[in-house]
Amino acid sequence: MSGKKAALNTAIAVRLQMSGQITFMVQKEGMPVNNYKLTGKTVVGSDRSADIHINDPLISPKHACVFKERSWWIIEDLSSENGTFVNENLIKKAPLFPDCKILMGNTYCKVIYSDNPQIETAIVKNSGEWVQLPRIIAHELKNYLQFFDAGLEQLKQDSKLIDRYSGQIKSLEMAGENMDELVQMLRAGCVKPRFEKINLNEVVWESIALVETMAHRQQINLITQIPDQPVIIVADANQIGRAVLNFLKNALEATPDYGYITVSVTVPSTHTAGICIKDTGHGMDKETLESFWTPLYTTRSNGNGLGAFIAKTAIVRHNGMVRADSALKQGTEIYIELPRTQKIV
């Protein structure tokens, strides 16, 4: 019997499942509610040529525009006379989270998603059944990692081997830790968030503490701009912490010695909290930036191409958004925005 294994009838696919449609509910005092289903760029204004015409003297002829940007629904004020407010905050441009309220003039609008925004991890189809690929990979890695750890522990029992191969053993320990971290990261991509009240500042500080040694070794300056007052949000601390840690590690790998990484926590509105990670690294060209969130895409010889994808998975599952801005030789900026309230499960 041949030792070759039969090829599996397996197809690998990646699917980003975002809400393809939103309903724009327009309610003016004393008037019936009008519902508009949006599928593309939509201009809202008092002019009859606007895609959504609202008869309100305080609304400009072309007041605001709603459109999709990188799979996210966005509202942008079109230099209106009286401004556009999202959840009571005056905005120029802002993401539209489920059930957020928009005020233009004397008219309130509400955003309803046809489906909750979500992102599915890579999946594999075998014999007609869909199974999450990251869960399979994590399971197999964990099995091999147990043998790896057991063998390493046996090596460490021999004092002569420790003295002679201390450097190699230390490298193997670090490799084991990295593999275990990858397993946890893959599992996180398959697990729904467990929402509870957390202090976002503490989560970010814990992630910073995990990379401080690496930053010190590379003589990279970590600049923190984190408020003293707690920033309380409803989230899964483990998933958000791993996402922040992933972006911090990316920044460290991209930044040369004596460079800078700035980490800040902001409160752009009463309903949202932001995390910004900005480095002075080599940056990305347009093609690399466009592929940054694509699973299995990497420009590093030792990269796996899953970190950014799984980090984004966690953020989107929190009904948040994340964007990357970068240019060659100008560094990279990662901005995460999270709603401060969720349904606690």
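The values are calculated or read from the model by the stated rules, or taken from the named source; none is laboratory data. Remember, it's a predicted structure, so these values are computed and weren't measured experimentally. Glycine gets a Cβ as well: all are built from the backbone with ideal geometry, and neighbour counts include every protein chain shown. Heavy atoms of the whole protein, side chains included, go into the accessibility calculation; ligands, DNA and RNA do not. Shrake-Rupley method; radii C 1.70, N 1.55, O 1.52, S 1.80 Å.
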Only one of (1) of a type in the set (G, A, S); (2) modelled with pLDDT under 80; (3) touching a Leu at 6+ places or on another chain (Cβ under 6 Å) fails for S114. Which number is that?
(3)
Being over 32 Å from the mean Cα position of the chain (by Cα) and surrounded by fewer than 18 Cβ atoms within 10 Å (Cβ to Cβ) is the filter here; which residues of segment 38-53 pass it?
D47, R48, S49, H53
Is it the case that M25 is at pLDDT below 90, in contact with a Cys (Cβ under 7 Å, 6 or more places away or on another chain), closer than 17 Å to S114 by Cα and not aromatic (F, W, Y)?
yes
Pairs needed: first member in segment 221-245, closer than 12 Å to L338 by Cα; second member anywhere, open to solvent by less than 30 Å² (accessible area, probe 1.4 Å) and assigned to a loop (DSSP other than H, G, I, E, B); C-beta distance under 6 Å; at least 6 residues apart or different chains.
V234/F195; A235/H318; D236/P193
Please enumerate the residues belonging to segment 202-220 that are out of contact with any Leu (no Cβ under 9 Å at 6 or more places or on another chain) and among the small types (G, A, S).
A209
Which of the residues spanning segment 71-89 are over 21 Å from H53 (Cα atoms) and either of a type outside the set (F, W, Y) or assigned to a loop (DSSP other than H, G, I, E, B) (or both)?
S71, N87, E88, N89
Say we look at segment 241-295 and pick out the residues that are charged (D, E, K, R) and either more than 21 Å from F309 (Cβ to Cβ) or in a strand (DSSP E or B) (or both); which of these is modelled with the lowest pLDDT?
D257
In segment 179-199, how many residues are at pLDDT below 75 and more than 16 Å from T313 (Cα to Cα)?
3
Could you pull out the residue among G151, G176 that is assigned to a helix (DSSP H, G or I), at pLDDT below 75 and exposed (fewer than 14 other Cβ atoms within 10 Å of the Cβ)?
G151
Of the residues in segment 84-111, those that are open to solvent by less than 90 Å² (accessible area, probe 1.4 Å) and at pLDDT 85 or above come to T84, F85, V86, I91, I102, L103, M104, G105, T107, C109, K110
In segment 240-287, which residue that is over 20 Å from M321 (Cα atoms) and β-branched (V, I, T) is surrounded by the most Cβ atoms within 10 Å (Cβ to Cβ)?
I261
Taking D56 as meeting all but one of (1) over 27 Å from R323 (Cβ atoms); (2) open to solvent by less than 20 Å² (accessible area, probe 1.4 Å); (3) modelled with pLDDT under 85, write down the number of the exception.
(3)
Looking at (1) over 30 Å from the mean Cα position of the chain (by Cα); (2) at pLDDT 70 or above, which is the only condition S127 fails?
(2)
Of the residues in segment 47-70, those that are in a loop (DSSP other than H, G, I, E, B), hydrophobic (A, V, I, L, M, F, W, C) and closer than 24 Å to Y113 by Cα number 2
